[in-house]
1. Among (1) closer than 23 Å to Ala127 by Cβ; (2) out of contact with any Pro (no Cβ under 9 Å at 6 or more places or on another chain); (3) not in a loop (DSSP other than H, G, I, E, B), where does Thr64 come up short?
2. Does at least one position in the range 74-88 carry a residue that is surrounded by fewer than 21 Cβ atoms within 10 Å (Cβ to Cβ), of a type in the set (Ser, Thr, Tyr), touching a Phe, Trp or Tyr at 6+ places or on another chain (Cβ under 9 Å) and touching a residue at least 12 places away in the same chain (Cβ under 8 Å)?
3. I need the full set of residues from the range 90-146 which are touching a residue at least 60 places away in the same chain (Cβ under 8 Å), touching a Gly at 6+ places or on another chain (Cβ under 6 Å) and under 19 Å from Val44 (Cβ atoms), in order please.
4. When you go through Val99, Val73 one by one, which is the residue that is within 21 Å of Ser15 (Cα to Cα), of a type in the set (A, V, I, L, M), within 15 Å of the chain's Cα centre (by Cα) and assigned to a helix (DSSP H, G or I)?
5. Of all residues in the range 60-75, which are among the hydroxyl-bearing types (Ser, Thr, Tyr) and either under 30 Å from Ser145 (Cα atoms) or modelled with pLDDT under 95 (or both)?
6. If you take the residues of the range 38-54 that are out of contact with any Phe, Trp or Tyr (no Cβ under 6 Å at 6 or more places or on another chain) and farther than 18 Å from Gln105 by Cα, which of them is surrounded by the most Cβ atoms within 10 Å (Cβ to Cβ)?
Amino acid sequence: SCAAEDTNWGRELSSAVVRVGAGVLMVHNGLDKLVDPEGFAKFVVEPYLGFLPHDDPLSFVTWTYLAAGAELVGAAGLTLGFLTRLSALSLFSTMGLAVYFHVAQSGLEGFPLGVVEKHQYAYEPAALYCLIYFYFVVNGGGALSL
């Protein structure tokens with residue numbers, strides 16, 4: 001049988017919608033870091049992610065720019081389905097550190113049954129992104145990608 005006949009287009013389309021959505025929704029995170037990279041480095045990276053190598057040339061500000069780059073370039077690659085696994089890996093790594101930051105900052109907040117003040121766990125969006133990006137690291141961009 002022909003490979004095209006074996007393609008599940010419903011699965012491919014839904015995967016593409018999730019891929020494009022998760023890429024587009026990530027962009028503002030990278031832009032936010034570029035507004036004040038020194039502030040992000042001082043108030044997030046240094047106090048919570050101080051275990052990252054930070055001797056020249058890898059300063060805390062450099063890590064901020066690397067995260068912003070992953071959230072912009074990686075998001076563009078994911079959205080287009082270009083170098084999808086690599087793009088998703090950069091985003092998965094960045095969101096893994098974001099989950100670590102949020103848990104270090106505010107704990108598990110009663111997970112999984114705790115009712116929290118803002119109606120979501122602080123780490124929840126980053127954890128969901130992490131799961132989505134892990135899917136694309138493993139499965140790639142699918143038939144509807146570059």
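The values are calculated or read from the model by the stated rules, or taken from the named source; none is laboratory data. Small disclaimer: the values here were computed from a predicted structure and weren't measured. Cβ sites come from the backbone with ideal geometry, for glycine too, and all protein chains shown count toward neighbours.
1. Going through (1) closer than 23 Å to Ala127 by Cβ; (2) out of contact with any Pro (no Cβ under 9 Å at 6 or more places or on another chain); (3) not in a loop (DSSP other than H, G, I, E, B) one by one, Thr64 breaks only (2).
2. Checking the range 74-88: not a single residue is surrounded by fewer than 21 Cβ atoms within 10 Å (Cβ to Cβ), of a type in the set (Ser, Thr, Tyr), touching a Phe, Trp or Tyr at 6+ places or on another chain (Cβ under 9 Å) and touching a residue at least 12 places away in the same chain (Cβ under 8 Å).
3. If the condition is that a residue be touching a residue at least 60 places away in the same chain (Cβ under 8 Å), touching a Gly at 6+ places or on another chain (Cβ under 6 Å) and under 19 Å from Val44 (Cβ atoms), then Leu91 is the only one that fits.
4. Val73
5. Thr64, Tyr65
6. Here the answer is Glu38.
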